[in-house]
Amino acid sequence: MTDVRRSLPAIGTLLEYGGVRQLLADAPRELVTSAVRRAVEQARHNPAAAPKDETGWVHAIATEVDAALERSLRPVINATGVVLHTNLGRAPLAMQALTAAQDVAAGYSTLEYDLAAGMRGSRHRHCAKLLAELTGAEDAFVVNNCAAALVLGLNTLADGRDVIISRGELVEIGGSFRVPSIMAKSGATLVEVGTTNRTHAADYQAAITPRTAAIVSVHRSNFAIEGFVSSVSPSALAPIAKAAGISLIHDFGSGLMLDLSAWGLKGEPTAADAVSAGSAVVLMSGDKLLGGPQSGIVLGTRAAVSAMRENPLARALRVDKLTLGALEATLELYRDPAVAVREVPILRMITATADAVAARAAALAARLTAAGIAATVVSTDATVGGGAFPTARIPSSAVVLTVANADSTDAALRAWRIPVVGRIADRRILLDVRTVPDAHDDLLVSAVTGALTR
């Protein structure tokens with residue numbers, strides 16, 4: 001029997017096929033040539049699946065070219081019902097933030113230039129006045145994320161000395177990163193007090209020694225402990241730290257700027273609340289409930305913030321002009337809370353009424369049904385996500401796709417040009433509408449229709 005591998009076309013022959021020549025007109029020659037080699041190599045390793053004719057070879061090579069050209073970081077439609085989905089990039093940016101980032105990206109900017117003085121300036125001045133205005137902090141600046149802010153704060157205020165933290169606050173955040181591991185990298189020595197469920201003010205006071213530099217309070221934003229529990233608030237820790245002449249560092253985390261209790265979301269302090277509690281520094285995320293780009297925001301006293309800003313480590317943790325531009329534009333929206341709720345995508349998703357979400361879901365289901373796809377609507381509960389309001393459930397609605405095989409349909413949706421990420425429940429696909437921006441309704445219908453009928 002003849003070995004199929006002996007009859008595989010030569011690379012040069014494949015490059016002369018008409019369909020491959022068209023690929024060469026649209027993509028770099030080296031990329032197409034590499035795709036041809038990969039297609040031949042696959043046929044050599046799996047002769048039974050080798051293309052049988054020119055059409056088959058062109059398809060196999062085009063598939064390899066498409067895979068090579070496909071970007072790894074791509075937009076997706078989030079239909080999971082998790083508003084701040086960490087795996088899907090957390091907060092989508094407001095249009096004002098996108099415009100600001102584009103403005104500073106398109107040319108030169110005042111990133112480190114003082115126009116009034118006509119000389120070098122500091123990128124750390126950007127957003128500082130606005131953050132102080134919105135939160136009541138004496139000073140502020142921005143680093144690349146909240147974990148970085150915590151490391152920088154500890155390294156600045158407690159390097160080589162002890163920091164006290166409750167055992168109930170030794171939390172694990174996304175990606176298996178744990179607060180004690182992050183803190184240990186700062187050069188400070190952790191001193192744990194209390195127990196998992198109960199820590200008292202006396203526990204902190206008893207642990208203070210001449211080696212103590214700070215108390216750290218970590219907001220438990222991604223889980224809740226109920227029952228026989230006790231903890232000490234930052235406002236109660238502040239006088240303890242002051243009396244001992246040490247710093248209080250508050251890892252506030254979520255970045256909430258507005259009180260959302262009017263929409264049923266209670267128990268999460270705002271940034272202004274955290275600052276007024278009396279900590280030396282308050283650290284929070286810019287890309288969670290604030291709704292801006294990934295960043296870590298440092299708020300606090302002039303002395304503490306200035307010391308952190310002057311730490312050489314701050315240069316390694318600094319943010320670029322795109323982040324600063326987008327964050328500044330996002331913060332400007334908070335000068336008018338009504339504008340923020342309307343324009344910041346995450347706030348608009350969280351505060352949308354259940355009736356409005358249900359109406360959109362019904363309209364989407366009707367359009368999909370008209371396209372020949374079995375679609376209905378079911379009531380669901382969305383979540384805030386991103387380590388915020390861990391017990392909150394937001395009434396929502398999802399489009400239900402009743403399909404023969406939920407797993408293969410889910411894979412098809414994820415493989416579409418604009419991937420759709422939903423969830424599977426009871427062998428059905430659920431596409432929660434609350435986390436789909438209303439401007440993307442047409443895109444969702446197009447993607448689902450294309451993925452399920454191709």
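Cβ-Cβ distance below 6 Å, separation of 6 or more or different chains: which pairs start in region 131-145 with a residue that is under 11 Å from SER276 (Cα atoms) and end on one that is assigned to a helix (DSSP H, G or I)?
Listed by first residue and then by second, the contacts come to THR135/ALA271; THR135/ALA272; THR135/VAL275; GLY136/ALA272; GLY136/VAL275; ALA137/VAL275; GLU138/ARG302.
Inside region 343-383, can you point out the residues that are closer than 16 Å to VAL433 by Cβ and within 21 Å of the chain's Cα centre (by Cα)?
Listed by number, the residues that qualify are PRO345, ILE346, ARG348, MET349, ILE350, THR351, ALA352, ASP381, ALA382, THR383.
Select from region 304-342 the residues that are assigned to a loop (DSSP other than H, G, I, E, B), over 22 Å from the mean Cα position of the chain (by Cα), farther than 12 Å from MET257 by Cβ and in contact (Cβ under 8 Å) with a residue 60 or more places away in the chain and list them in ascending order.
ASN311
What's the number of the only condition in (1) at pLDDT below 95; (2) over 30 Å from ILE418 (Cα atoms); (3) not hydrophobic (A, V, I, L, M, F, W, C) that ASN87 fails to meet?
(2)
Which pairs turn up if I take residues in region 103-116 that are within 15 Å of VAL319 (Cβ to Cβ) and in the same structural domain as GLY325 (by TED's automatic domain parsing) and look for partners that are in a strand (DSSP E or B) and of a type in the set (Lys, Arg) with beta carbon separation below 8 Å, at least 6 apart in sequence or on another chain?
Note: pairs meeting the criteria are GLU112/ARG120.
Which members of region 383-439 meet the condition of being assigned to a helix (DSSP H, G or I), at pLDDT 95 or above, under 21 Å from ALA356 (Cα atoms) and not charged (D, E, K, R)?
Across region 383-439, the qualifying residues are VAL433, THR435.
Can you find a residue in region 279-292 that is crowded, with 17+ Cβ neighbours inside 10 Å, more than 30 Å from GLN96 (Cα to Cα) and of a type in the set (S, T, N, Q)?
yes
Of the conditions (1) within 25 Å of the chain's Cα centre (by Cα); (2) crowded, with 16+ Cβ neighbours inside 10 Å; (3) at pLDDT below 95, ALA451 fails just one. Which one is it?
Against the list (1) within 25 Å of the chain's Cα centre (by Cα); (2) crowded, with 16+ Cβ neighbours inside 10 Å; (3) at pLDDT below 95, ALA451 comes up short only on (1).
Across region 189-218, which residue is surrounded by the fewest Cβ atoms within 10 Å (Cβ to Cβ) among those that are in a strand (DSSP E or B) and β-branched (Val, Ile, Thr)?
Filtering first and then ranking leaves THR189.
Just to be sure, is ALA238 touching a residue at least 40 places away in the same chain (Cβ under 8 Å), aliphatic (A, V, I, L, M), in a helix (DSSP H, G or I) and under 23 Å from ASP336 (Cα atoms)?
Judged against the criteria, ALA238 is not a match.
Which residue out of ALA91, ALA97, ALA148 is touching a residue at least 24 places away in the same chain (Cβ under 8 Å) and outside any helix (DSSP H, G or I)?
None of the others qualify; the one that does is ALA91.
The values are calculated or read from the model by the stated rules, or taken from the named source; none is laboratory data. For clarity, every value in this text was computed on a predicted model and none was experimentally measured. In this analysis, Cβ positions are derived from the backbone assuming ideal geometry, glycine residues included, and neighbour counts consider all displayed protein chains.
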